[in-house]
Every structure is written in structure tokens, then in C-alpha cells.
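Colleague: Here you go, one structure.
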């Protein structure tokens, strides 16, 4: 199936920021962008360049596909139940 060019880019930036105790400003400084850009990314108003996506992933030391996806992410609770982790 070919995806349209206007497809939504889903991300988990806010989840990873919260987990790491980073503000939007701190993440923006780490990847050399304006803090507004981080807000746009988190809301899905802006699709990152490959370079920016890789920089954000590097800040959290995770593969880029753990942060960005063309399909919605499974809810964290559902993921934990699926792998057998009790909440």
C-alpha cells in the first residue's frame, strides 16, 4: 500500500522527554532547534527531517523507529500486557 504524502507522523517524543526529565527547551538545545519546533513535532504539526529524527533518537539512545512511526503506536499499557508485564 502506498502512503500519501500528507500522512501523519506519529511520535513518542513527549513520553521520552518525560521519562528522561527533559523540558522542551532542553531537548531543543540538545538537537540544536528552537523549542517551538519540539512542540510542533510532539503535536504532529511538523514532520522532522531524517537528520533531526536521528538527533532526537540519539539524545534518548534509542532507534529512530521507537520514536517515530507512520502508524499509530500501541498504547503503553497494551504493550506491557502483551509482553506479560504487570502494571
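The values are calculated or read from the model by the stated rules, or taken from the named source; none is laboratory data. On a predicted model such as this, the values are computed, not experimentally measured, just so you know. Here the Cβ is made from the backbone with ideal geometry for all residues, glycine too, and neighbour counts use every protein chain on show.
Colleague: Looking only at the stretch 49-66, count every residue that is more than 17 Å from residue 25 (Cα to Cα), under 10 Å from the mean Cα position of the chain (by Cα) and surrounded by 11 or more Cβ atoms within 10 Å (Cβ to Cβ) and tell me the total.
Modeller: So the first thing to find is which residues in the stretch 49-66 are more than 17 Å from residue 25 (Cα to Cα), and the list is 49-51, 54, 61-66.
Retained after the next criterion (residues that are under 10 Å from the mean Cα position of the chain (by Cα)): 64-66.
Then drop every residue that is not surrounded by 11 or more Cβ atoms within 10 Å (Cβ to Cβ), which leaves 64, 66.
Residues meeting the conditions: 2.
Colleague: Let me ask another. Looking only at the stretch 67-76, which residues are without any contact (Cβ under 8 Å) to a residue 60 or more places away in the chain and loosely packed, with under 13 Cβ neighbours inside 10 Å? First the steps, then the outcome.
Modeller: At the first step, the residues of the stretch 67-76 found to be without any contact (Cβ under 8 Å) to a residue 60 or more places away in the chain are 67-68, 74-75.
74, 75, listed by residue number.
Colleague: From 41, 5, 22, which residue is in a loop (DSSP other than H, G, I, E, B) and at pLDDT 95 or above? Even if it seems obvious, please write down each step before you answer.
Modeller: On the way: 41 fails: in a loop (DSSP other than H, G, I, E, B); 5 fails: at pLDDT 95 or above.
It is 22.
Colleague: Could I ask something else about it? Being on the phi > 0 side of the Ramachandran plot and more than 12 Å from the chain's Cα centre (by Cα): is that true of residue 44 here? Can you show your working first?
Modeller: Numbers: on the phi > 0 side of the Ramachandran plot: yes; more than 12 Å from the chain's Cα centre (by Cα): no.
So residue 44 fails the test.
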